[in-house]
Amino acid sequence: MSILELKNVHAGYGSAQSRTEVLKGIDLRVEDGELLAVLGFSGTGKTTLISLLAGLKAPDKGEVFFKDAPVTGPGPERGVAFQSYALMPWLTVEDNIGLAVGAVHAKASRAERKALTEKYMGMVGLTHARDRRPAELSGGMRQRVSVARALAMQPEVLLLDEPLSALDALTRAKLQDEFAEIRAETDATMVLITNDVDEAIFLADRIVPLNPDGTLGPDYRVALPRPRNRVALNHDETYHRLRGDITKYLMEAGEMRKARVTVASFCRMWCRSSPSKHRQTRRCRRPT
């Protein structure tokens, strides 16, 4: 059963001549309980996609549904952790997480809210840093606070917009392990936006590439048992075959993007040198 769905969604920015189309004709179903990774290059509209799912942006055409009901704005059933942390700088780790707990559990007793804050703080390994403020934290620790706040909202779907892309490799691997553990504990539905093929394979049940032209590529099912171990994956033929297939697809999509830019650049030069030929040819089109 799908919990989130996009039907023929188009989205862009600007108007008339200055308009930029970002997403085109997106049809996407997120199944209840799955971890879906959306994989693509920078500038392909991944953040726009997550904003549509979160209800932070309305589609220009098409519809977004949560449990078959149209999405008309953000809601607590869809928690979001963006690449930028957006923490309250004057609050401690404990207070930042407690703020989210209090928003959802306002009627709970102080002791109950405290216990929930402890739970989510411990889930991301930050109990030892409870009294630190964001300026005193590393990038990885700040991202953990952001994820803990999203989890504390107890959403039915957790939307993760490149939450690990700005981190060093060691911290990124550690947090990937924590995401896998959180998924095992909560069995929550997750949508992970990432530009890392290995991260997508390590965490996801299904991977969908987002093409440079704003369309979606084919589904790739990740038929690897859980829990997943990086050392074991290095010797797994299924992993290497899947990694190769996805990498090849992304490289071809990238070459298509370069080809479009090359043709567009050539056309602009040719048109300037020969306006009459520009009027006669159908090859010289405005790049999309």
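The values are calculated or read from the model by the stated rules, or taken from the named source; none is laboratory data. On a predicted model such as this, the values are computed, not experimentally measured, just so you know. For neighbour counting, all protein chains shown are included, and Cβ atoms are generated from backbone atoms with ideal geometry for every residue, glycine included.
Quickly run through the stretch 50-108 and pick out the residues that are within 26 Å of Leu164 (Cα to Cα), of a type in the set (D, E, K, R) and part of a strand (DSSP E or B).
Selection gives Arg78 alone.
Just to be sure before I move on: is Val80 of a type in the set (A, V, I, L, M), crowded, with 23+ Cβ neighbours inside 10 Å and farther than 26 Å from Asp213 by Cβ in the structure I sent? First the steps, then the outcome.
Numbers: of a type in the set (A, V, I, L, M): yes; crowded, with 23+ Cβ neighbours inside 10 Å: yes; farther than 26 Å from Asp213 by Cβ: no.
Taking the combined requirement at face value, the residue does not satisfy it.
What pairs come out if I take residues in the stretch 87-112 that are on the phi < 0 side of the Ramachandran plot and touching a residue at least 24 places away in the same chain (Cβ under 8 Å) and pair them with residues that are in a helix (DSSP H, G or I) and surrounded by fewer than 10 Cβ atoms within 10 Å (Cβ to Cβ) whose C-beta lies under 9 Å away, six or more apart or interchain?
Pro89/Ala135
Is it the case that Phe179 is in contact with a Lys or Arg (Cβ under 6 Å, 6 or more places away or on another chain), assigned to a helix (DSSP H, G or I) and either of a type in the set (A, V, I, L, M) or under 22 Å from Glu34 (Cα atoms) (or both)?
Working: in contact with a Lys or Arg (Cβ under 6 Å, 6 or more places away or on another chain): no; assigned to a helix (DSSP H, G or I): yes; either of a type in the set (A, V, I, L, M) or under 22 Å from Glu34 (Cα atoms) (or both): yes.
Spelling it out, it is not the case that Phe179 is in contact with a Lys or Arg (Cβ under 6 Å, 6 or more places away or on another chain), assigned to a helix (DSSP H, G or I) and either of a type in the set (A, V, I, L, M) or under 22 Å from Glu34 (Cα atoms) (or both).
Residues in the stretch 185-209 that are in a helix (DSSP H, G or I) and either at pLDDT 85 or above or polar (S, T, N, Q) (or both): how many? Quick ask: steps written out before the conclusion?
Taking the stretch 185-209 first, the residues in a helix (DSSP H, G or I) are 185-186, 197-203.
With the extra rule that they be either at pLDDT 85 or above or polar (S, T, N, Q) (or both), the set shrinks to 186, 197-203.
The total comes to 8.
Filter the stretch 105-141 for residues that are buried (at least 23 other Cβ atoms within 10 Å of the Cβ) and under 30 Å from Ser42 (Cβ atoms) and give the result.
Hit for the stretch 105-141 is Val124, nothing else.
Every residue, every condition in (1) buried (at least 21 other Cβ atoms within 10 Å of the Cβ); (2) within 20 Å of Glu34 (Cα to Cα); (3) among the β-branched types (Val, Ile, Thr); (4) in contact with an Asp or Glu (Cβ under 8 Å, 6 or more places away or on another chain), yes or no:
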residue: Ala152; (1), (2), (3), (4): yes, yes, no, no
residue: Leu167; (1), (2), (3), (4): no, no, no, no
residue: Arg172; (1), (2), (3), (4): no, no, no, yes
residue: Asp187; (1), (2), (3), (4): no, yes, no, no
residue: Thr194; (1), (2), (3), (4): yes, yes, yes, yes
residue: Glu199; (1), (2), (3), (4): yes, yes, no, no
residue: Leu210; (1), (2), (3), (4): yes, yes, no, no
residue: Arg228; (1), (2), (3), (4): no, yes, no, no
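Do the conditions hold for Gly45, that is, is it under 19 Å from the mean Cα position of the chain (by Cα) and closer than 29 Å to Glu185 by Cβ? Step through it out loud before you land on a result.
Values: under 19 Å from the mean Cα position of the chain (by Cα): yes; closer than 29 Å to Glu185 by Cβ: no.
Taking the combined requirement at face value, the residue does not satisfy it.
Take Arg142 and decide whether it is modelled with pLDDT of 90 or more, in contact with a helix residue (DSSP H, G or I) (Cβ under 7 Å, 6 or more places away or on another chain), of a type in the set (Lys, Arg) and more than 20 Å from Arg230 (Cβ to Cβ).
Values: modelled with pLDDT of 90 or more: no; in contact with a helix residue (DSSP H, G or I) (Cβ under 7 Å, 6 or more places away or on another chain): yes; of a type in the set (Lys, Arg): yes; more than 20 Å from Arg230 (Cβ to Cβ): yes.
No, not satisfied.
Could you check, for the stretch 170-190, whether at least one of its residues is among the charged types (D, E, K, R) and touching a strand residue (DSSP E or B) at 6+ places or on another chain (Cβ under 7 Å)?
Looking only at the stretch 170-190, we keep the residues that are among the charged types (D, E, K, R), and these are 172, 174, 177-178, 181, 183, 185, 187.
Subset that is touching a strand residue (DSSP E or B) at 6+ places or on another chain (Cβ under 7 Å): 183.
Yes: one or more hits.
Quick one: would you say Ala54 is within 25 Å of Arg113 (Cβ to Cβ), surrounded by fewer than 17 Cβ atoms within 10 Å (Cβ to Cβ) and touching a residue at least 60 places away in the same chain (Cβ under 8 Å)?
no
So, Gly62, is that one surrounded by 14 or more Cβ atoms within 10 Å (Cβ to Cβ) and touching a Gly at 6+ places or on another chain (Cβ under 9 Å) or not?
yes
Can you name the residue in the stretch 19-42 that is closer than 17 Å to Asp213 by Cα and not hydrophobic (A, V, I, L, M, F, W, C) and is also nearest to the chain's Cα centre (by Cα) among such residues? Spell out how you get there, then give the answer.
At the first step, the residues of the stretch 19-42 found to be closer than 17 Å to Asp213 by Cα are 19-28, 38-42.
From what is left, the residues that are not hydrophobic (A, V, I, L, M, F, W, C) are 19-21, 24-25, 27, 40, 42.
On the way: Arg19: 24, Thr20: 21, Glu21: 19, Lys24: 17, Gly25: 18, Asp27: 16, Gly40: 10, Ser42: 12 Å.
If we take residues in the stretch 19-42 being closer than 17 Å to Asp213 by Cα and not hydrophobic (A, V, I, L, M, F, W, C), then Gly40 is nearest to the chain's Cα centre (by Cα).
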